[in-house]
1. Restricting attention to region 182-197, and to residues there that are outside any helix (DSSP H, G or I) and among the charged types (D, E, K, R), which single residue is farthest from ILE387 (Cα to Cα)?
2. Please determine whether any residue of region 174-196 is farther than 18 Å from ASN382 by Cβ and at pLDDT 90 or above.
3. Do the conditions hold for SER386, that is, is it surrounded by fewer than 18 Cβ atoms within 10 Å (Cβ to Cβ) and hydroxyl-bearing (Ser, Thr, Tyr)?
4. Taking the residues in region 200-247 that are in a strand (DSSP E or B) and of a type in the set (Ser, Thr, Tyr) as candidates, determine which candidate is modelled with the highest pLDDT.
5. Restricting the search to region 162-208, which residues are of a type in the set (Phe, Trp, Tyr) and within 18 Å of the chain's Cα centre (by Cα)?
6. Please go through region 143-173 and pick out each residue that is open to solvent by 70 Å² or more (accessible area, probe 1.4 Å) and in contact (Cβ under 8 Å) with a residue 60 or more places away in the chain.
7. Only one of these conditions is not met by THR236: (1) more than 26 Å from MET323 (Cα to Cα); (2) touching a residue at least 12 places away in the same chain (Cβ under 8 Å); (3) of a type outside the set (Lys, Arg). Which number is it?
8. Across region 323-366, what is the total count of residues that are open to solvent by less than 60 Å² (accessible area, probe 1.4 Å) and at positive phi?
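The values are calculated or read from the model by the stated rules, or taken from the named source; none is laboratory data. Being a predicted model, the structure only gives us computed values, none of them experimental. Don't worry about glycine lacking a Cβ; one is built from the backbone with ideal geometry, like all the others, and counts go over all protein chains shown. Areas reflect the complete protein model, heavy atoms only, side chains present, ligands, DNA and RNA absent. Shrake-Rupley method; radii C 1.70, N 1.55, O 1.52, S 1.80 Å.
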Amino acid sequence: MRVKKIIAPTMAEAMKKVTEELGQNAVILNSRVIQEGGVFGFFAKKKIELIAALDQNQAAPKTTTQKEQPKTVTFQSQIDDLVPLIKEEENVIPKKEKPKEDLEHDNLLKEMKQLKSMITKMSNDQSGDEALHPLVEDLKTKLMDQDILEELTEEFISEIKPRMALLSNQVSKEQINEWLKSSIMTKINDLEFGHKHDDIRYVNVVGPTGVGKTTTLAKIAAEAVLKYRKKVAFITTDTYRIAAIDQLKTYATILGVPIEVCYNLEDFKHAKDKFEGYDLVLIDTSGRNFRDEKYVTELKKIIDFNELETYLVLALTSKYKDMKKIYEQFHSVPINKVIFSKVDETESYGSMLNFMVEKQVGVAYLTNGQNVPDDIMEGSPNKVYSILAKEVQL
């Protein structure tokens, strides 16, 4: 059995080469379009690749004439015809009867077994069960280990596979990492990131207990005072936790900014009027209030939510399903952006990407420690990806 791979610019030329080299009795095992040359898939030329086989017991090759054209058969019919031939050849020479000196039969049987393996692989490829490239398999494992949603993972992998095929799977880890970055950035680039330092006067921070709301407020205030030279004030309505009030008062004293503690809506209105001339007013709230529709309705009479940025603080140590539940709990007010806290306390960042893509909400800040004002980063697509990249890049 002779197996030959033919590459030609067109199908007609490929078939002609098969006939010239193997004869008209050759069987076409597989055909596909390949790319040759070019750089990273650009300027490559399309060519036809055929894999053909000829039983050596058949007639020698002869030149095709105008009246003798190669027989046209389907890929599947050729496999159906060839598999019985392989099985028959294996049974023709039983091991106990095969002459040891007949090396030609040994080689023929070896070729037939190799061909059978090739046909099995081709059949699997035709049915869509093609195995992933080892590098892509490693990448998929990393994405899943980060708890990135299955549909997102499959989407990223499906975008990488055809790019690899254009380069005949001859790619580096660096190239695959760049493709992954491009796919992730496409998902999040259009979201709103960071804080509008010159446009927003009121920032309202909401979230469950224990995610670091008060510390985050202090970091935002410190950044505004020390970096942007803004005139800043605090308002807190979180009167359920005395410790939180004392903590915020301490930060206010250190930064030299005023603070008002509000026990009701009248107090809030008074504080808002008092800080009318300030550049930035940071509002620390109790999560309970915003689950109370009556409270929100009354608050809307005092403050226009169109001039208010509401940031939902979520700890990256939380499970993704918990993040979604928290988000729904604060549905009474529009969530403009999120703040992901405790970046330094976990090695799993998939929930961050899942949340952004599913809820279509951007990131205002990322916090990675307790130090004020140092452990805070303004959100951006590149910052988000740099955090993910530490765990998902090859």
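1. LYS196
2. Applying the first criterion (farther than 18 Å from ASN382 by Cβ) to region 174-196 yields 175-176, 196.
Still in the list and also at pLDDT 90 or above: 175-176.
Looking through region 174-196, at least one residue is farther than 18 Å from ASN382 by Cβ and at pLDDT 90 or above.
3. yes
4. Applying the filter and picking the extreme gives TYR202.
5. TRP179
6. If the condition is that a residue be open to solvent by 70 Å² or more (accessible area, probe 1.4 Å) and in contact (Cβ under 8 Å) with a residue 60 or more places away in the chain, then ASP145, ASP147, ARG163, LEU166, LYS173 are the ones that fit.
7. Here THR236 clears every test but (1).
8. Final tally of qualifying residues: 1.
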